[in-house]
Amino acid sequence: VISTLPRMTDARALAAMELIDSLILATYVSQLRRQFSTLIHTGLHLTIDYGLSPSSCLTILAYATIDVWPDDITEAYQLGRLAVELVDRLDASHLRCRIEVSFLGHLAPWKLQYSTVKRSFKGMFELGLAMGDKTFALSGVRAGGSLGFFLSKQLSQFEKNIMERINLHKRHSNDLNVTTLDLWVQFVRHLRGKPTDPHSISGSTLDEDSPI
């Protein structure tokens, strides 16, 4: 039904959708679950009532990931694919990196082979930087690197690849993703029997003053 909706033309609805678009990431990262859910459902209702806008891509993808996925992975994947396809149809190229990285990171691994998903991440970093979307560009680097744990033939090679990604994130001052990657490094070192301290986690961003 959503795919057959017309383009949104109402000026107030378009403005509301753009506002929702600008708030979704902040509420998600801040773990404001109630506000995040309210934004998703408001955007979805606006889309159904007034039609599709570029911001509908993000609303549909967020709805699929948060609300649909826990009960129906196949339906969530299909809605995610629709969000990706609507990027071109709705002239939403400025959202391409955000939509594709989120889809590949949250939904695609449940239906596609990890190697296929990892290949799809290639180019997302350059695309994100070109679109001025550094946050999601770096998220793609982090998510693609994490899949390497399941695909690397040697844990030592995976650790080396993750360290390279950590250095990339440090150059771009992205501490949130560095923390996630630091945890991967520590996990692999435990598996290899080479942790700095077998009873604690350590890393460049893992100290008493840094939230995990």
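Check every one of the helices (runs of 4 or more DSSP H) wholly within segment 79-195 and list those with 1 or more residues that are touching a Cys at 6+ places or on another chain (Cβ under 9 Å) and open to solvent by 10 Å² or more (accessible area, probe 1.4 Å).
Fully inside segment 79-195 and qualifying: 96-106, 124-130, 134-151.
Among the aliphatic types (A, V, I, L, M), under 25 Å from residue 132 (Cβ atoms) and at pLDDT 95 or above: does that describe residue 62?
Considered against the rule, which asks whether it is among the aliphatic types (A, V, I, L, M), under 25 Å from residue 132 (Cβ atoms) and at pLDDT 95 or above, residue 62 comes out as no.
Which number in (1) part of a helix (DSSP H, G or I); (2) over 18 Å from residue 22 (Cβ atoms) marks the one condition that residue 70 misses?
The one condition residue 70 does not meet is (1).
Applying the selection to segment 23-46, what residues are polar (S, T, N, Q) and surrounded by 11 or more Cβ atoms within 10 Å (Cβ to Cβ)?
Those that are polar (S, T, N, Q) and surrounded by 11 or more Cβ atoms within 10 Å (Cβ to Cβ): 27, 35, 37, 38, 42.
The values are calculated or read from the model by the stated rules, or taken from the named source; none is laboratory data. Quick caveat, the model's predicted, so the values are computed rather than measured. Counting neighbours? That spans all protein chains shown, and the Cβs are built from the backbone with ideal geometry, glycine included. Surface accessibility is based on the protein's heavy atoms, side chains included, excluding ligands, DNA and RNA. Shrake-Rupley method; radii C 1.70, N 1.55, O 1.52, S 1.80 Å.
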